[in-house]
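Inspection log for the structure reproduced underneath, given as structure tokens.
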Amino acid sequence: MSDHRLTQTEASLNVTGADLVNIKVNGIAVKVPKGENVIEAAKRAGVDIPYFCYHPRLSKGDAANCRMCLVEVAMPRKNPDGTEVIAKMPKPQTGCTLPAAEGMEIQTETPAIARDRKGVLEFLLINHPLDCPVCDRGGECPLQNNTLFYGPETSRYIEEKRHFPKAYPLSEQVVFDRERCIHCARCTRFTEDISGDAQLGFLKRGADLEVGTYAQTSFKSKFSGNVIELCPVGALLSRTYRFKARPWDLHTQKSICSQCSNGCNIKVDYRLNSLQRINARLNEEVNEEWTCDRGKFGHEYVNSPNRLTKPLIKKDGEFVPVEWSEAYRLLAAKLKEANGNVGGIGGYRNTNEDLFVFQKFFREVLKSNHLDSRIGRYGDSITKPLFERFGYYTMGNAISELETMKTIFVLGASLADEQPILFLRVRKAWRFKGASVIHANTFDTVDTTKVSDFAAANLIYKPGTEITLLYGLLNLLLVDNTNSIEITPQMTSLMKAAGEYPLEKVAEITGLDPKEILKTAKLMATSPTAFIVGDTVTESPDYLAIMQALGDIAVATGNEKNINVPVREVNSQGALELGILPDFAPGFVSVSDPGANTHQMLTSAANGTLPMLWVLGAKLAEKYPDRELVQAALSTAFVVVSELEMTETAQYADLILPAASFAEKDGTFTNCEGRVQRIYKAFDILGDVKPDWLIFTEIASQMGTNFPYFSARDITLDLSKSVPSFTGITPKSLGDSGIRLRN
Amino acid sequence: MSLGTFLKSTIDGANALRTGFGITFRHYAEQQLKTKPVDTIQYPEERREQYPRTRWRHVLTRYDNGLEKCIGCSLCAGACPARCIYVQAAENTDEQRFSPGERYAAKYEINMLRCIFCGFCQDACPTGAIVLRKDFELSDYTREDFLYTKEMFLEAAPMETMIPASTIGAMNRENAAK
């Protein structure tokens, strides 16, 4: 039965406060938190109550519209003469809205309840078409399951059912079958409570009630894929997965989403070596049970027909497919010729295992420190200001810690785009935990899913005025001391810097309303306050100065540990931790002779002093800001590219090595908060493709050094031994939810 | 050996021959004159009638109007204990319609070497599309040839031209078949 649960939530999710009450579920005595709803309370007693509309992560008050969770309840009552009796409520109650109270006795399996459930299901099935054989939900459908367990054998309704056109396209990703909808309101509550775009709502009334978007516009949301999984029937369906397979055709493997650095836990559903769909997997610490649309629908590249299947060597400007032996022979010859003068760029999309062997190969075999995984404009300095001042890299908070914040200051980020799961946490903190959110950026997106929708203060400042804004805030906090912060001696130096930024001047320079700035300063004085910094700041030429100012504010408000500069790509964080950096070996251990960073490598490759470049899955030609430099560098040097597909960068290569995608190999990824999580090989490797760690191991052995690795597991175990920060991280200890590296 | 013994053995031998050939001649005569029923049949020229519920080679049937009954739901594959059925579904369009409704089987393959002819697929089929019929002659030369495809299973279409099913309501269907 647990496989067919409607939600992935376990009872442990609920806070076990000190306030416990004794209840009985089907005669089983159990202690539950006071006020917990009966569905969750019954789960603790091991009793499943069927339901459709209830979902613990959605607001509860609006539910109780499917009527499936009816239970019989008896409560202790005092008679006028003082004797206490257990009095049964005359009518069945909905379990999802009924809070547990002392002495409550719940019956879920009485004949009356069985009859009620039959009635509810017969009612729901009046208009639900029985086209289960062609419905994508068939086989994993809560309505199907509950009907099988609790439903009537036949229906008394012989009239014509309600009919609507099939497969109405709600958006690019979601199709909607209005006939199948049972009006549980899960999707509408999701867009209201979780994603916050409130795109779906109920139209019309009574029997004509239907879910829809306003004026039939497209369902625009960055999290629309979740409603497909939430829908307890086959009304909302994925367009990409439509008619591709039935649930029993699929095999499922646990994995981690490869689209951004948030590290959502996902389930890869595949059939015959091809990925069919992505579903969310529960991880309370990271994504809870959500995915973003980029993650859910963006994995087509795994089975793209453009995947490279054989090593390619460029001969006279044409790529010729060759065997691995020939590719290795050429590679070994060229590496010997270069004699350590080799640069390695990229790796932010590879597993920790790939990266560890990558840097080991460069540092131990080639004796080269020319390694860099950062290809942003000012990528070089990303880690510096935080580490030098506060001693941690990128994110000071865990993703789940954001919930506990009183104020969250989102600076220069289109958060829903850049860090979708952080966005959901920020929104959760605001919606369910009462946090205030401040949004500051040079622009506001026109998207429907955005922070400014629920921000208490919305600061759209003029480009380049971040420093003024931050010091203006600091001025308000310390010099004007609008919130009467206790001034410690170390703050006096900060006050000096801030003193030059009085409110009127700041308002004039940044183009903001002084009231808005005052409001922001008021909110920021509360502790804990988390800062989330995004692209506008990290791509700014003033990055270091802005981080200095932000650091000053953090110090003034006592939030030194709450600055977050999350990285962007799936394993950017892992690449930092594992020393794909010119100046640090794995575990941020300084190296004695730092190599060149990406920009320096490209410059020296362009002028011919660096004869060879190994590009590990980095989209240099597409993403590097200085396009001409990249073109010059890649056409001058001998370029090896490890890639999945023929990208623009790969076009410049002299040798292309086809790599395995995340679904075809084992390993671990490190997400933006530093959580190491496992991925598992789902299906067999296509063609002559190899995982990157194997390529490095094999070429190392060609060069005369044997690495003792036969599987990704060997490398993970070696990592836990040889990298201090990875101590204790083994495939076994990682489990399903991963372990966060200490910062 | 005495003369008496010699004669006796000769006569016994002749009797034995007569008995033996007698049986042969009698059967030959019976067969030629067809006076008695015969169990042996002359396969492959002659074929025995199969029992009505015999389960052999699968057939994907059609409606009278020529549309395929199979909707590509893959329930047969789910029911198959030998896991030998592969179904790949696709969506009908009004221009290219294979079955009534939204979905049809783009690919339908059965590995006949694995199939145990249990008929569960026939039981599971919600539209009665797949049926096991009486063609038992399934031998072939290579293993690959036993991967039967949809084209091999599909009943021959009736001679009428196809009519887009979007235009066929429940009422018109009978007219279309005529």
Task: Drop in accessible area of at least 50 Å² in the complex versus isolated chain, residues of segment A:123-163, 1.4 Å probe - done: A:Pro133, A:Val134
- [ ] Name the long-range amide H neighbours of A:Phe584: under 5 Å, sequence gap of 5 or more, or other chain; modelled H, no Pro or chain starts.
- [x] A:Val591
Task: Size of electric dipole in segment A:129-288: Cβ of Lys, Arg +1 and of Asp, Glu -1, about Cα centre, debye, nearest 20 - done: 300 debye
Open item on the list: Checking buried surface per residue: for segment A:241-262, which residues lose a minimum of 50 Å² accessible area in the protein assembly relative to the chain alone (1.4 Å probe)?
Closed with: A:Phe243, A:Trp248
- [ ] State the answer as a single residue: which of A:Pro56, A:Val32, A:Ala87 lies farthest towards the positive end of the charge dipole of segment A:12-121, with beta carbon charges of +1 for Lys and Arg and -1 for Asp and Glu, about the Cα centre.
- [x] A:Pro56
Open item on the list: Greater than 28 Å separation of Cα atoms is the criterion. Which listed pairs, A:Lys34/A:Lys220; A:Lys314/B:Lys107; A:Lys267/A:Lys690; A:Lys681/A:Lys721; A:Lys254/A:Lys623, meet it?
Closed with: A:Lys34/A:Lys220; A:Lys314/B:Lys107; A:Lys254/A:Lys623
- [ ] Putting +1 on Lys and Arg Cβ atoms and -1 on Asp and Glu Cβ atoms, find which of A:Ile532, A:Pro311, A:Leu657 reaches farthest to the positive end of the dipole of chain A.
- [x] A:Ile532
Open item on the list: Of B:Ala29, A:Pro541, A:Thr108, which is farthest towards the positive pole of the protein assembly as shown's charge dipole, taken about the Cα centre with +1 and -1 on the beta-carbons of Lys, Arg and Asp, Glu respectively?
Closed with: B:Ala29
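Accessible area lost on pairing A with B, both sides, 1.4 Å probe, Å² to nearest 100? Working shown, then result.
On the way: alone 29490 and 12890 Å², together 41120 Å².
Summing both sides, the interface buries roughly 1300 Å².
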Task: A:Arg377 paired with B:Ala14, simple spin-label distance in nm, labels 7 Å along Cα-to-beta-carbon - done: 12.4 nm
- [ ] Compute all pairwise cysteine Cβ distances in chain A, then list the cysteines with no distance under 4.7 Å to another cysteine.
- [x] A:Cys69, A:Cys96, A:Cys132, A:Cys135, A:Cys141, A:Cys181, A:Cys187, A:Cys231, A:Cys260, A:Cys292, A:Cys672
- [ ] Per residue of segment B:28-35, in order, report the coupling 6.51 cos²θ - 1.76 cosθ + 1.60 (Karplus, θ = phi - 60°) as ³J(HN,Hα) in whole Hz, putting x for Gly and Pro.
- [x] 4, 5, 4, 5, 5, 8, 6, 7
Open item on the list: With just the Cα atoms defining each centre, how far is segment A:62-124 from segment A:137-163? Give it in Å.
Closed with: 24 Å
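Report the local net charge at A:Cys257: Lys and Arg +1, Asp and Glu -1, summed over other residues whose C-beta lies under 10 Å from its C-beta. Working shown, then result.
Numbers: positive: A:Arg281, A:Arg294, A:Lys296; negative: none.
Net charge around A:Cys257: +3.
Among A:Lys406/A:Lys450; A:Lys91/A:Lys118; A:Lys665/A:Lys732; A:Lys222/A:Lys384; A:Lys31/A:Lys433, which pairs are too far apart, with a Cα-Cα distance over 22 Å? Spell out each step's value before the answer.
Values: A:Lys406/A:Lys450 19 Å; A:Lys91/A:Lys118 16 Å; A:Lys665/A:Lys732 17 Å; A:Lys222/A:Lys384 32 Å; A:Lys31/A:Lys433 25 Å.
From the list (A:Lys406/A:Lys450; A:Lys91/A:Lys118; A:Lys665/A:Lys732; A:Lys222/A:Lys384; A:Lys31/A:Lys433), the Cα-Cα distance tops 22 Å for A:Lys222/A:Lys384; A:Lys31/A:Lys433.
Express the carbon and sulfur contribution to the solvent-accessible surface of the protein assembly as shown as a percent, rounded to the nearest whole number, probe 1.4 angstrom.
Details: 21970 of 41120 Å².
C and S fraction of accessible area: 53 percent.
Where does the charge balance sit around A:Pro33 when Lys and Arg score +1, Asp and Glu -1, over other residues with C-beta under 10 Å from its C-beta?
Details: positive: A:Lys31, A:Lys34, A:Arg44; negative: A:Asp19, A:Glu36, A:Glu40.
Charge balance near A:Pro33 sits at 0.
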Task: Within straight-line cross-link reach of A:Lys88, aspartates and glutamates at Cα separation under 16 Å, skipping those fewer than 8 residues along the same chain - done: A:Glu72, A:Glu102, A:Glu105, A:Glu109
Open item on the list: If I build a Gaussian network model for chain B, linking alpha-carbon pairs within less than 10 angstrom, which residue out of B:Lys134, B:Lys34, B:Lys69 has the largest mean-square fluctuation?
Closed with: B:Lys34
TODO: Have a look at B:Pro81, B:Pro52, B:Pro44 and tell me which one the Gaussian network model of chain B (Cα, springs below 10 Å) gives the largest fluctuation.
DONE: B:Pro44
Task: Neighbour cut-off at most 11 other Cβ (10 Å), DSSP loop, GluC sites (Glu not before Pro), segment A:124-216 - done: A:Glu153, A:Glu159, A:Glu160
Open item on the list: If the reach is capped at under 17 angstrom between alpha carbons, list the aspartates and glutamates near A:Lys561, excluding any in the same chain fewer than eight residues apart.
Closed with: A:Glu388, A:Glu401, A:Glu403, A:Asp552, A:Glu673
Task: Using a Förster distance of 56 Å, the FRET efficiency for A:His251-A:Ser484 (Cβ separation, nearest 0.05) - done: 0.35
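Taking segment B:23-120, which GluC sites (Glu not before Pro) meet the DSSP loop condition and have no more than 13 other C-beta atoms within 10 Å?
On the way: sites: B:Glu30, B:Glu45, B:Glu46, B:Glu49, B:Glu68, B:Glu91, B:Glu95, B:Glu102, B:Glu109; in loops: B:Glu45, B:Glu46, B:Glu49, B:Glu95, B:Glu102.
Here the sparse-neighbourhood loop sites are B:Glu45, B:Glu46, B:Glu49, B:Glu95.
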- [ ] Go through segment A:354-360 residue by residue and turn each phi into a ³J(HN,Hα) via Karplus (6.51, -1.76, 1.60, θ = phi - 60°); whole Hz please, and just put x for glycine and proline.
- [x] 4, 5, 4, 5, 4, 6, 5
Task: segment A:441-503-segment A:700-734 distance, computed between alpha-carbon centres (Å) - done: 46 Å
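With +1 on each Lys and Arg Cβ and -1 on each Asp and Glu Cβ, how big is the dipole of segment A:593-743 about its Cα centre, in debye rounded to the nearest 20? Before the final figure, lay out the partial values.
Numbers: 13 positive and 18 negative charges, 139 e Å.
Value, rounded to 20: 660 debye.
Over chain A, with the other protein chains present, what is the accessible area per residue in square angstrom, probe 1.4 angstrom?
On the way: 28850 Å² over 743 residues.
Counting only protein heavy atoms, the per-residue value for chain A is 39 Å².
With every protein chain kept in place and ligands, DNA and RNA left out, what is the accessible area per residue of segment B:89-162? Probe 1.4 Å, answer in Å². Please list the in-between numbers first.
Details: 4470 Å² over 74 residues.
Ligands and nucleic acids excluded, the figure is 60 Å² per residue.
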TODO: For A:Ala660, list long-range residues whose amide hydrogen, built 1.01 Å from N in the peptide plane, is under 5 Å from its own amide hydrogen.
DONE: A:Lys690, A:Asp692
Open item on the list: Amide H of A:Phe707 versus every other amide H placed in the peptide plane: which residues, excluding those fewer than 5 positions away on the same chain, fall under 5 Å?
Closed with: A:Ser701
- [ ] Would you work out the charge dipole size for the protein assembly as shown about its Cα centre, treating the Cβ of every Lys and Arg as +1 and the Cβ of every Asp and Glu as -1, and quote it to the nearest 20 debye?
- [x] 2340 debye
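Let me check I've understood the local charge: for B:Lys134, count other residues with C-beta under 11 angstrom from its C-beta, Lys and Arg +1, Asp and Glu -1. What total comes out?
Numbers: positive: B:Arg47, B:Arg48, B:Arg53, B:Arg55, B:Arg57, B:Arg133; negative: B:Glu49, B:Asp135, B:Glu137.
Residues close to B:Lys134 contribute a combined charge of +3.
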Open item on the list: Given a 10 angstrom Cα cut-off, can you work out which residue in B:Ser74, B:Ser139, B:Ser99 is the most mobile in a GNM of chain B?
Closed with: B:Ser139
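For A:Leu272 and A:Val85 in the same chain, what is the full-extension length gain: residue separation times 0.36 nm, less their Cα-Cα distance, in nm? Let's see the in-between values first.
Values: separation 187, 0.36 × 187 = 67.32 nm, distance 6.22 nm.
Extra length available between A:Leu272 and A:Val85 comes to 61.1 nm.
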Task: Estimated vicinal HN-Hα couplings, Hz - segment A:409-423 in sequence order (Karplus 6.51, -1.76, 1.60; Gly, Pro = x) - done: 9, 9, 10, x, 10, 8, 4, 5, 7, 7, 9, x, 6, 4, 4
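The values are calculated or read from the model by the stated rules, or taken from the named source; none is laboratory data. Keep in mind the model is a prediction, meaning the values are calculated, not measured. So basically every Cβ, Gly included, is an ideal-geometry build from the backbone, and we count neighbours across all protein chains shown. We work out accessible area using only protein heavy atoms, side chains counted, and drop any ligands, DNA or RNA first. Shrake-Rupley method; radii C 1.70, N 1.55, O 1.52, S 1.80 Å.
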